[in-house]
Structures are given as structure tokens and as C-alpha cells.
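Asks: I'd like to ask you about the structure that follows.
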Amino acid sequence: MVTVETPPGVLRTVDEALEHVHAICFKTGPPRRIGAELEWIIQHADDPHRALDIPTLRTALGDHAPRTLDPDSPQRPLRHGGRVTVEPGGQVEVSTPPYVSLTDLHAATEADIAQVNELLTAYGLRLGAYGIDPHRPPRRLLHTPRYDAMAAAFARRGSAGQVMMCGTAATQICLDAGEPHHVPARWAALHALGPPLLALFANSRRHCGSDTGWASARMRAWLAIDPARTWPVAGGPGADRDPATAWAEYALAAPLLCLRRGHGRSWHPPPEVSFADWVAGAVSPPPTIDDLDYHLGTLFPPVRPRGYVEVRYLDTQPEGEWIAPVAVLAALLADAATTDTARDLAAPVADAWTTAAQRGLADPAIRRVAAALAELACGALEHTDLPPATAQAVAAIVSRRLAGGRE
């Protein structure tokens with residue numbers, strides 16, 4: 001009898017896949033570090049309605065351009081360590097290293113943003129100030145096997161995927177998961193805080209020259225793409241479940257967005273085949289651990305574990321104001337007592353994602369919660385290392401948002 005051994009790394013059962021996701025999703029320890037991933041719509045400074053073109057953007061970014069934009073680029077980091085990537089519609093993203101100090105994150109990131117501004121300004125471009133393109137329809141500029149497969153999968157459900165891929169930009173915040181016994185509380189708090197903070201910092205009402213009627217048309221697009229991929233993970237606020245288990249089950253139930261194949265071959269997967277289906281034999285050859293890790297990067301819930309925890313529910317902010325949502329979230333998670341208080345305050349609207357995206361602070365319940373969280377956060381800024389002047393600037397931005405904000 002000949003025994004056929006499974007190649008190393010191949011996933012033979014769903015339980016093996018669940019175990020792998022469970023093991024890697026939270027790297028626990030003292031919650032010290034914070035980072036940011038800041039995206040912007042790129043516009044022509046003289047005419048924001050004019051379409052962006054790849055050659056100009058590639059030339060402007062120079063040696064900092066990602067290889068999706070320039071295959072021969074050295075992809076050099078910015079002066080203070082930020083890495084530049086470009087989204088399918090030409091949106092530029094700067095991903096920071098993690099910092100222990102919020103003050104250091106602010107200073108280094110502001111310097112890197114200034115460098116990006118210098119690069120773009122030399123070619124007549126500028127960073128946009130909103131979470132969705134207020135002037136132009138979505139138009140895809142980058143074509144890769146991954147993006148082609150994404151576009152095809154999203155198109156089966158309507159136009160929201162095209163809008164998301166090519167016309168939205170976010171402020172994303174990356175935080176340590178925390179000590180093992182605190183992970184569930186921090187995970188639940190980050191979910192519960194989502195709707196009120198989304199509403200507080202929403203600024204993407206206008207899209208393609210029209211008033212959408214939504215406070216965050218960016219989040220409207222995300223929520224409309226595919227609930228199995230972009231809606232919150234079950235086991236968020238108030239759920240008595242292990243977050244790692246909830247995430248692992250979410251990941252395996254999500255449909256495949258793409259299947260990596262050799263050069264020149266399509267990455268389009270069969271429609272509606274989940275990763276669990278792949279493990280069960282729906283696609284050949286069977287998946288590997290590397291395939292599963294790649295699949296996890298194609299899931300986009302508002303809060304996503306990646307060893308650390310990535311908060312994805314905030315619109316891009318106007319120039320110089322990205323620090324406000326980052327500092328507010330850092331202050332609300334500065335210690336266990338403040339985190340628990342914030343979660344309790346947010347509980348009445350913890351599941352109101354659609355209402356928050358559509359009505360924002362115009363919804364009375366969300367406004368009350370956002371105001372209470374803003375007061376708690378501004379009071380807790382003293383527990384961060386932000387200098388008084390920066391803390392006062394954050395408080396002023398938050399106060400202005402509550403008073404009406406900038407649209």
C-alpha cells in the first residue's frame with residue numbers, strides 16, 4: 001500500500017484552517033504601540049474635476065512609488081519611515097511604522113505627509129480632504145490580477161465595489177491587541193465605538209458633484225459591497241464569544257476574492273466559493289497556509305485583526321486633522337477603566353453602522369453618544385504623551401465637529 005503524504009503547508013481540514021487563523025490573529029502583550037494608514041484622493045490642484053493619469057502620478061512619487069505603479073521602482077520609504085502605496089483609482093496611502101509615542105507618530109507622520117505634498121505639488125497635484133471623491137466618478141487606473149479579480153467579484157453585487165476601490169479614502173488606525181485577558185474587552189470596545197466615531201469624523205457627503213444624502217458615502221460604499229467581507233465580525237460588542245474564534249469563522253465563511261495563479265493567468269475564483277469550500281475540495285489544488293494568510297488580507301470589516309488590530313471605519317480628514325481621530329481613539333483605549341467606560345457609553349448605538357453612515361451626528365442618539373465619548377476622550381488626552389498645544393488642537397477639532405463639522 002502506497003501512502004501519499006500531504007505536501008507541507010497544505011490545509012487538509014477546516015479545523016486546521018480555523019486553528020491557524022485563531023493562532024495568528026492576535027499577538028498579545030502590553031498595548032503600547034500605535035500606527036496609522038492614511039489615504040487620500042489625489043486631485044489636480046488647478047482643476048479637481050480633471051481625471052488623474054498614471055504617468056503624472058508615477059513621476060511625482062518617483063523612487064517612493066510602489067511597484068504596482070512602477071514595476072522598476074525601488075519603493076524607498078519616506079524620510080521618516082512611511083511607506084507609500086497606491087490604490088486602484090490612484091489614491092495615495094502612507095503607512096507609518098508603529099510608534100510607542102503618540103507625539104512621535106504625529107511628528108514623523110506630519111513630516112512624511114509634508115514630503116508627499118512636496119512631491120505632488122511639483123507636478124500640479126494635491127492631497128484631497130475628503131473620504132470620497134467629491135468631484136469625479138470612480139475610474140480604475142491600476143490593473144493587476146488581484147484588482148481585476150476584485151473588480152469582477154464586486155461588480156456582481158452592484159457599483160459599490162467600483163466606488164470603494166477607485167473613489168474612497170480612509171484614516172486607518174493600528175493598535176496593539178493588548179494583554180490576553182484584555183483582548184475581548186478592547187475588541188468589543190473598538191466595535192462599539194465604530195458608529196459614534198464614524199459619525200463624529202464623517203466628511204464624505206458629496207460624491208461626483210452631488211449630495212449623496214449620507215454623512216459618510218465612503219462607508220455607504222463599504223457596507224454595500226458584500227456583508228460576508230465588509231460587515232463587522234460577529235462577536236463584537238456585547239457578544240459573549242472569543243474574538244479569535246469569531247474572526248476565524250468569519251474568515252473561512254467569506255467567499256474567495258481571488259485565486260493566485262501563475263503569470264498571465266486569471267485570478268478570478270468561482271463565484272461564491274468560500275475558503276472553507278476550497279478546503280473541502282471545491283477548487284484544486286487544495287489551499288496552503290500561505291493561501292489562507294493571503295485570503296485574510298482580502299477581508300475588510302470595520303475592525304480587522306492582523307496580529308495588531310486595524311480600525312478601518314474613519315473617513316480621511318482634512319489637512320493636519322488626521323491626528324484628531326487617532327488621538328481620540330488612543331485616549332479612549334489608554335487604560336482598561338477608560339476603555340470599559342467608553343464601551344458602556346457607546347453601547348446604545350453599538351450596532352448602528354448604517355444609521356451612523358447615513359445620518360451621522362444628525363441622529364440624536366448617535367450625537368449624544370458621540371458627545372459623551374468626545375468629552376471622555378478629551379479628558380483622557382492627559383494620559384497620552386501629546387503636548388498641551390496638540391491636545392488643545394485635537395479638542396478644538398472635536399468641538400468643531402460636534403458643532404457642525406466640515407462637509
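Where a number appears in this text, it was derived from the coordinates with a stated rule and is not lab data. Not measured: the values here are computed from a predicted model. Reconstructed Cβ throughout: ideal geometry from the backbone, glycine too, with neighbour counts over all protein chains shown.
Asks: Using 7 Å Cα-to-Cβ label points, what is the His49/Ala228 separation (nm, one decimal)?
Replies: Between His49 and Ala228, the label points sit 4.2 nm apart.
Asks: Report the extension gain between Cys208 and Ile289 in nm, rounded to one decimal, defined as 0.36 nm multiplied by the number of residues separating them, less their alpha carbon distance.
Replies: Going from the current span to full extension adds 25.0 nm.
Asks: Fully extended, how many nm does the chain gain between Arg33 and Leu402 (0.36 nm per residue separation, minus their Cα-Cα distance)?
Replies: Taking Arg33 through Leu402 to full extension adds about 130.0 nm, to one decimal.
Asks: Also, I was wondering about something else. How high is the relative contact order of the chain, in percent, counting Cα pairs under 8 Å that sit 6 or more residues apart?
Replies: 22
Asks: Further question: Please work out the FRET efficiency for the pair Ala372 and Ala336, using the Cβ-Cβ distance as r and a Förster radius of 22 Å; give the result to the nearest 0.05.
Replies: 0.70
Asks: Something else now. Give me the number: length gained by fully extending Ala114 to Ala389, i.e. 0.36 nm times residue separation minus the C-alpha to C-alpha distance, one decimal in nm.
Replies: 97.0 nm
Asks: Related question: Which of these, Trp278, Trp40, Trp247, has the largest mean-square fluctuation under a Gaussian network model of the chain (Cα springs below 10 Å)?
Replies: Among Trp278, Trp40, Trp247, the largest mean-square fluctuation in the Gaussian network model of the chain belongs to Trp278.
Asks: Using alpha-carbon pairs under 8 Å, 6+ residues apart, how would you state the relative contact order of the stretch 261-393 in percent?
Replies: Relative CO of the stretch 261-393 lands at 17 percent.
Asks: What is the distance in Å between the Cα centres of the stretch 231-300 and the stretch 40-89?
Replies: Computed from Cα coordinates, the inter-centre distance equals 30 Å.
Asks: If packing is taken as the mean number of other Cβ atoms within 10 Å per residue, what is the order of 89-97, 154-162, 280-288, highest first?
Replies: Top of the packing list down: 89-97, 154-162, 280-288.
Asks: In nm, to one decimal, how far is the Val10 label point from the Glu382 one, both placed 7 Å along Cα→Cβ?
Replies: Result for the modelled spin labels: 6.2 nm.
Asks: Okay, moving on. What does the helix-only formula give at 222 nm for the chain: each DSSP H stretch with n ≥ 4 adding -39500 (n - 2.57), the total divided by the residues, and the result rounded to the nearest 500 deg cm²/dmol?
Replies: Computed mean residue ellipticity for the chain: -12500 deg cm²/dmol.
Asks: Under a point-charge model restricted to the Cβ atoms of Lys and Arg (+1) and Asp and Glu (-1), what is the dipole moment magnitude of the chain relative to its Cα centre, in debye to the nearest 20?
Replies: Dipole magnitude for the chain comes out near 920 debye.
Asks: Another question, if that's okay. Mind checking which of Pro271, Leu105, Ala170 is farthest towards the positive end of the chain's charge dipole, using Cβ charges of +1 (Lys, Arg) and -1 (Asp, Glu) about the Cα centre?
Replies: About the Cα centre, the residue reaching furthest to the positive side is Pro271.
Asks: Then there is this: Give the residues of the stretch 32-48 whose amide nitrogen is closer than 13 Å to a point set 7 Å from the Cα of Val100 in the direction of its Cβ.
Replies: Only 32-34 fall inside the zone, counting backbone N under 13 Å.
Asks: Something else about it: Just to verify a number: FRET efficiency for Ala185 and Arg156, C-beta to C-beta distance, R0 = 45 Å, to 0.05?
Replies: It comes out at approximately 0.75.
Asks: Under the Kirkwood approximation applied to all pairs of distinct alpha-carbon atoms, what is the hydrodynamic radius of the stretch 72-174 in Å?
Replies: 15.3
Asks: Grab the beta carbon distance between Ala280 and Gln75, set R0 = 51 Å, and tell me the FRET efficiency rounded to 0.05.
Replies: For R0 = 51 Å, the calculated efficiency reads 0.85.
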